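One structure is given here, and the rest of the page talks about it.
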Amino acid sequence: MIVIKFKKAVVALILSVIFVFLVVGVPAIVSASSPAPEFVVVLDAGHGGIDGGVVGVNSGICERELNMIITYKVKALLEKRGIGVALTRDSGTGVETTITKKQEDMRQRKEKIIKAAPDLVVSIHQNKFSSPNRRGAQAFFWADKTLADSLQAALNEKINMPNQRREYSALKGDYYILQCTDYPSALVECGFLSSPLDEALLITDEYQNKIAECICTGIINYLMA
Ligand SMILES: [Zn+2]
């Protein structure tokens, strides 16, 4: 009787192991097919709220909005490649409309970066210069230039060479967003809203897509290196 009871206990144990595998194990297998993204990128759309940034010389477009449009395009491209994306602000009612003090806004962006613990940070801006002839897309860095170099190479190939037959080098830039954490960070000035030629391109969907593709390429080349 003891032997039979023992055998029954073994069978019950095996059945319960199978049961646990079926109930708990199967969902585990299903979730394994959609794992957490291997890479996470923080995209920072420059300015926002009362801080509109620079203004288009002819169209009057606000840098704040253009940065957001391009940021969303980069986000979509990265997510298509399976890369996780966190934003420091969105076009809804978050940081953009409730935070009116610049310092507080920047502190919140820093907190969002730290919370995301990303592989890298890219901040997206539009440039301005006293001369309307200054044009082009340029990347900036603070601590390490590797990411900015990767972004600059993509921008030179698809934006600066075709438009101006010239290349730019990534430059050291004294920006808070590049200094507020130790994550690899770069800032992209997509073009000059003070240049009528750059502005005319920057407000088109086609050119915004091109810029977004360059930023995506620069990020992926950096992550894969
Ligand atoms: Zn800016």
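The values are calculated or read from the model by the stated rules, or taken from the named source; none is laboratory data. Fair warning: this is a prediction, and the values are worked out from it, not measured in the lab. So basically every Cβ, Gly included, is an ideal-geometry build from the backbone, and we count neighbours across all protein chains shown.
Could you list all residues from region 156-215 that are of a type in the set (Gly, Ala, Ser), within 30 Å of Gln108 (Cα to Cα) and part of a helix (DSSP H, G or I)?
Ala212
Can you find a residue that is aromatic (Phe, Trp, Tyr) and either surrounded by 18 or more Cβ atoms within 10 Å (Cβ to Cβ) or more than 16 Å from the ligand (Cβ to nearest atom) (or both) anywhere in region 122-134? So that I can check it myself, show each step before the final result.
Start the filter on region 122-134 by keeping residues that are aromatic (Phe, Trp, Tyr), which leaves 129.
Next, only the ones that are either surrounded by 18 or more Cβ atoms within 10 Å (Cβ to Cβ) or more than 16 Å from the ligand (Cβ to nearest atom) (or both) stay: none.
No.
For region 161-180: of the residues being farther than 21 Å from Ile220 by Cα and in contact (Cβ under 8 Å) with a residue 40 or more places away in the chain, which is surrounded by the fewest Cβ atoms within 10 Å (Cβ to Cβ)?
Among residues in region 161-180 that are farther than 21 Å from Ile220 by Cα and in contact (Cβ under 8 Å) with a residue 40 or more places away in the chain, the one surrounded by the fewest Cβ atoms within 10 Å (Cβ to Cβ) is Tyr176.
Go through the residues of region 47-60 one by one and say whether even a single one is of a type in the set (D, E, K, R), assigned by TED's automatic domain parsing to the domain that holds Thr181, part of a strand (DSSP E or B) and modelled with pLDDT under 95.
Scanning region 47-60 turns up at least one residue that is of a type in the set (D, E, K, R), assigned by TED's automatic domain parsing to the domain that holds Thr181, part of a strand (DSSP E or B) and modelled with pLDDT under 95.
Can you tell me which residue in region 17-39 is modelled with the lowest pLDDT, limited to those that are within 19 Å of Leu77 (Cα to Cα) and surrounded by fewer than 17 Cβ atoms within 10 Å (Cβ to Cβ)?
So, considering only residues that are within 19 Å of Leu77 (Cα to Cα) and surrounded by fewer than 17 Cβ atoms within 10 Å (Cβ to Cβ), the one modelled with the lowest pLDDT is Ser34.
For region 136-160, which positions are more than 15 Å from Ile219 (Cα to Cα) and surrounded by 23 or more Cβ atoms within 10 Å (Cβ to Cβ)?
Ala137, Ile159
For region 62-86, how many residues are in contact (Cβ under 8 Å) with a residue 40 or more places away in the chain, among the aliphatic types (A, V, I, L, M), in contact with a strand residue (DSSP E or B) (Cβ under 8 Å, 6 or more places away or on another chain) and closer than 21 Å to Asp205 by Cα?
Count: 4.
Please go through region 86-117 and give me each residue that is part of a loop (DSSP other than H, G, I, E, B) and modelled with pLDDT of 95 or more, ordered by number.
Of region 86-117, the ones part of a loop (DSSP other than H, G, I, E, B) are 88-94, 99-101, 117.
Result: Thr88, Ala117.
Could we say that Ile215 is β-branched (Val, Ile, Thr), touching a residue at least 40 places away in the same chain (Cβ under 8 Å) and touching a helix residue (DSSP H, G or I) at 6+ places or on another chain (Cβ under 7 Å) here?
It is true that Ile215 is β-branched (Val, Ile, Thr), touching a residue at least 40 places away in the same chain (Cβ under 8 Å) and touching a helix residue (DSSP H, G or I) at 6+ places or on another chain (Cβ under 7 Å).
I'm checking my understanding of the structure. Among residues of region 190-215 that are closer than 12 Å to Leu155 by Cα and surrounded by 24 or more Cβ atoms within 10 Å (Cβ to Cβ), which one is farthest from the chain's Cα centre (by Cα)?
Out of the qualifying residues, it is Gly191.
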